[in-house]
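Heads up: the structure comes next, in structure tokens.
Every number in this text was worked out from the coordinates using simple rules, so none of it is lab data. Source: prediction; values computed, not measured. Cβ placement follows ideal geometry from the backbone for every residue including glycine, while neighbour counts extend to all protein chains displayed.
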Amino acid sequence: MTSDEIFTKVRNTLVDALGVDDDEVTLESRLEADLGAESIDFLDIVFRLEKNFSIKIPRGELFPEDLASADAGLVKDGLVTAEGLATLRTKVPHIDIDTFAKDPKVENIKDMFTVQMLVKFVQRKVA
Amino acid sequence: MRWFWIDRFTELQSGQYAKAIKNVTLAEEHLHDHFPGFPVMPGSLMLEGMAQTGGILLGEKNNFEHIVILAKVPNVIYHGFVVPGDTLTYTAKLMNDSPEGGSVEVTAHVGERLVAEAEIIFSHIDQSGDFKHLDQKNFVFSIGGLLSVMEVGKAGA
């Protein structure tokens, strides 16, 4: 499957899950800030990606689990620690951690949840 | 008034599908306002009945260990009116089931007539960040609650 084909299917997935128009969905779109996704929508997106691509997405594999409440030393004073960044790089390699690391406030991680991130994730899964 | 919008389960295949019925009667006061002289089962309450059928189907799959709440209705379509004397049959199919929640597709029929269909997503709220401290079992399904309608073929106790 080419990345164009994956993008088209991801876009259709988001049109169904979020009720957005297909021309609103670009690779750069952020799921929350640009496309209006709310927490439950992430579960909906996971279910739809699983169905549309015939893949299985275990919990925490696509969207990282809540870092802050993990109490694992990954977050200090609202910032993701170096250790936390390293963990993210291993656990969610489809997320652009280099950009996030420039201003690693916990709440900023959501801006990394982009359409591009979904496409990358699916590419790795179907490879 | 108890918030029961199904009367009885008629079929349950664990983890796969469930059927429940709801008998619509003029004794339900809201039908006299919805609408005066033209009583129609409100679509919102049909959706609630569909969610109760699907929510129990999902809850049962996990032995009622999670608190199942209706989180999102991506799609619902109404095809026709339901009036006093009708028996609604809700058929829910479990489409997804994960630690965080699940989803169902539900149809509502009166006899052979399709009157509504919906896709419903549930969240296991005890599994989501802010509510992890909840240690109670699902209160909806506790003794005397909605679970009593699950005794397939028997009326709610």
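Laid out as a table, the results:
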quantity	calculated
Order of A:T87, B:T25 - criterion: other Cβ atoms within 10 Å of each residue's Cβ, fewest first	B:T25, A:T87
Lysines with Cα under 25 Å of A:K51, excluding same-chain neighbours fewer than 8 positions away	A:K9, A:K91, A:K110, A:K120, A:K125, B:K19, B:K61, B:K72, B:K93
Fraction in percent of alpha-carbon pairs per bin - 10 Å, the protein assembly as shown	6, 25, 28, 22, 13, 5, 1
Pairwise label distance in nanometres, A:K76 with A:N108, each label 7 Å out on the Cα-Cβ vector	1.7 nm
Three semi-axes of the equivalent ellipsoid, segment B:1-44, Cα gyration tensor, whole Å, largest first	27, 10, 9
Partner chain coverage, peptide A:36-47 - average Cβ within 10 angstrom	5
Distance between modelled label sites at A:T2 and B:Y78, nm, 7 Å Cα→Cβ extension	4.6 nm
Spread of Cα-to-Cα distances over 10 Å intervals beginning at zero, given as percent, for segment B:8-144	13, 40, 31, 14, 2
Cα long-axis angle, helix A:115-126 against chain A (0 to 90 degrees, to the nearest 10)	80 degrees
